[in-house]
Amino acid sequence: MPETKQTESISSLDRRRFIETGVGATLGAVAAGSITAMAASETTDAARGAEMIFRGGNIITMDDKRRQVQAVAVAKGQIVAAGDEAEVMKLKTDGTRIVDLGDRTLMPSFMDSHGHFMNAPQIVKWANVSGPPVGPITRIADFVPVLQAHVKKNGIKKGEWIIGYGYDRSNLAENRELTAAELDPAFPDNPVMLIHSSNHGAVLNSAAFKLVGYNEQTKTPPGGLILRVPGTNRPAGLIMETAFLPIFGNMPQPSERVLLDTLDSAQQIYASAGVTTCMEGATHAADLRFLRKAGAEGLLYLDIVSLPLFVEVPAMVKEYAPNFHGSPTDLPKEAPSAFGFYKNRLKLQGIKFVVDGSPQGKTAFWSKPLLTKGPGGEDNWRGRPLFPPETLIKLMKELYDKGIQVFAHANGDAAIDVVIDAGQAAGLKAEQDRRWVVIHSQCMRPDQLPHYKEMGLTPSFFPMHTFFWGEEHTANLGEERASFISPMKSAIDQTLVCSNHCDYSVCPMDPMRMMWSAVTRQSRAGRIIGPNERIDRWDALKSLTINAAWQIREENRKGTIEAGKLADLVILDSDPLTIETDKILEIKVLETFKEGKSIFRRTTA
Ligand SMILES: [Zn+2]
């Protein structure tokens, strides 16, 4: 897409500034790039003739001012008109492709408000050890045959890693953790790692423990968990949090070429679900290098929003600003200009903090104890923060001072308090429009909502927890606290902008299932977890489109069907606003468009 003069001058100005200061673009020379959509919206020639017009069906705009229109015209990657059919059809030329929607529905494509894009190229190569409806595992005996089939299918050789994703004891009839001893007889010579559905832990077999150097002498690191064989100090299988994360970080990686070659399949996971903006919600230095290369090679056709993980910032500064000699937690003063715009479909948006772990893994940080024991059998367990709160508060304030957006993972109410404390320490106020995103905000307390309102904190909720872990949350937290997980209705009543995420690959990339959970809050067992927090369908769809766009400051270019916005669109086989509630889960994405270009088309019914 051609850039206007204005865009070019912005780009080259930034580029020059980075070069002059000698710091590169700090967190990636990602910055200096084309802002194509903004440029195109300033031109008028797009409106002279439509390349494509959608008409004759149901068109949902997600625009509160006008929820439905009769027709939409697209040119040069943008929506150039949306409204009454007679008006829109005036843009028809001989070359215009007319799409008659019939009984299909057109709406803005979905946006991933929190997930881990870098899991996608990997997952293409991993075994699915999730439980239904995502995967095949329902009992301990299921693991070995599923892994054996995976080894065969992928030609995994002796000594090579066998990796699975989606492990969760709550899927198992036995309701206990799988052990290394149960994997060892089938896989004596292959290290096996089955990653926990929270992505915060894994079960390893003995060959894997040997390879990573974990044995009876290994002490459990602070903030971590290593389950032991009863009566011994030998690791039993499950490791979590700080005992797992460094190991995962140091895993031998598939070669860059292999990973680059999986990028089409990886992006199709999103495109086939109608998602055109993906979140890489905890980016490591190596991931950023990879994504920049993918962008430079032209391999990205979806927009990727990257949030460098705060502990990786020193490594990134070293890589992209080698002449910077500040303290490890400082950022060069030019750092803010590395954020907020796309180059080669990759954008850095803010810095990601992780305050605690996962509620289903019992590694979140709560103010009151759970009703059940801790992950290692502890009494009065209320979890703990992963990092000292004082450090997190200081770092978040530093980013506030530099004007960089904060994205903080906080699941337990005590972890959410840490973010609120950081906001207060920084002097954060709603009218400053900083849009700190509190990712998950899962186990909120009602008294925390007014603080969100006051400081303009914006929650990205994870309401699918009501389905996948609703029963566990009720057992752990009791009925009252469990009813308030991902409290979307209360947040909307306080006029907070909230989004809905699936934390891919924690849960499947399935916006219709995300919507269904927000609307029904139904657990696997069919119970309603917090009926008062169910929201209506319109709000549920907003949380997957325009609200998610707002959180990353793209509400002027994405999230609704309005003239001037990008033609990021999806065609569904049914209307999610009117179909029977349980049929929402069956709605299929038929075609997905990124900037007017078809990037996914369903071939089978
Ligand atoms: Zn996450």
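What the table shows:
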read-out	value
Close pairs (9 angstrom Cβ cut-off, 6 or more residues apart or separate chains): farther than 15 Å from R534 by Cα and in the same structural domain as M444 (by TED's automatic domain parsing) in the stretch 489-505, among the aromatic types (F, W, Y) and within 16 Å of the ligand (Cβ to nearest atom) anywhere	H501/F461; H501/F462; C502/F462; D503/F462; Y504/F117; Y504/Y270; S505/Y165
Single residue of R435, R382, R445 found to be away from the ligand (no atom under 16 Å from the Cβ) and under 22 Å from the mean Cα position of the chain (by Cα)	R435
Close pairs from the stretch 269-287: first in contact (Cβ under 8 Å) with a residue 60 or more places away in the chain, partner β-branched (V, I, T) and within 16 Å of the ligand (Cβ to nearest atom), Cβ under 6 Å, at least 6 apart	C278/I304; M279/V305; E280/I304
Single unsatisfied condition, F117 versus (1) closer than 23 Å to H465 by Cα; (2) away from the ligand (no atom under 16 Å from the Cβ)	(2)
Members of the stretch 333-357 found to be buried (at least 22 other Cβ atoms within 10 Å of the Cβ) and out of contact with any strand residue (DSSP E or B) (no Cβ under 8 Å at 6 or more places or on another chain), listed by number	A335
Of all residues making up the stretch 565-605, the number that are among the hydroxyl-bearing types (S, T, Y) and surrounded by 13 or more Cβ atoms within 10 Å (Cβ to Cβ)	3
Verdict on A82 being crowded, with 22+ Cβ neighbours inside 10 Å, within 31 Å of the chain's Cα centre (by Cα), within 16 Å of the ligand (Cβ to nearest atom) and farther than 11 Å from M52 by Cα	no
Odd one out for V124 among (1) within 16 Å of the ligand (Cβ to nearest atom); (2) surrounded by fewer than 21 Cβ atoms within 10 Å (Cβ to Cβ)	(1)
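Matching residues to (1) of a type in the set (D, E, K, R); (2) in contact (Cβ under 8 Å) with a residue 12 or more places away in the chain; (3) within 16 Å of the ligand (Cβ to nearest atom):
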position	(1), (2), (3)
G377	no, no, no
L386	no, yes, yes
K397	yes, yes, no
F407	no, yes, yes
A426	no, yes, no
H451	no, yes, no
E454	yes, yes, no
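The values are calculated or read from the model by the stated rules, or taken from the named source; none is laboratory data. These figures come from a predicted structure and were not determined experimentally. Methodologically, a virtual Cβ is constructed for each residue, glycine included, from the backbone with ideal geometry; neighbour enumeration extends over all protein chains shown.
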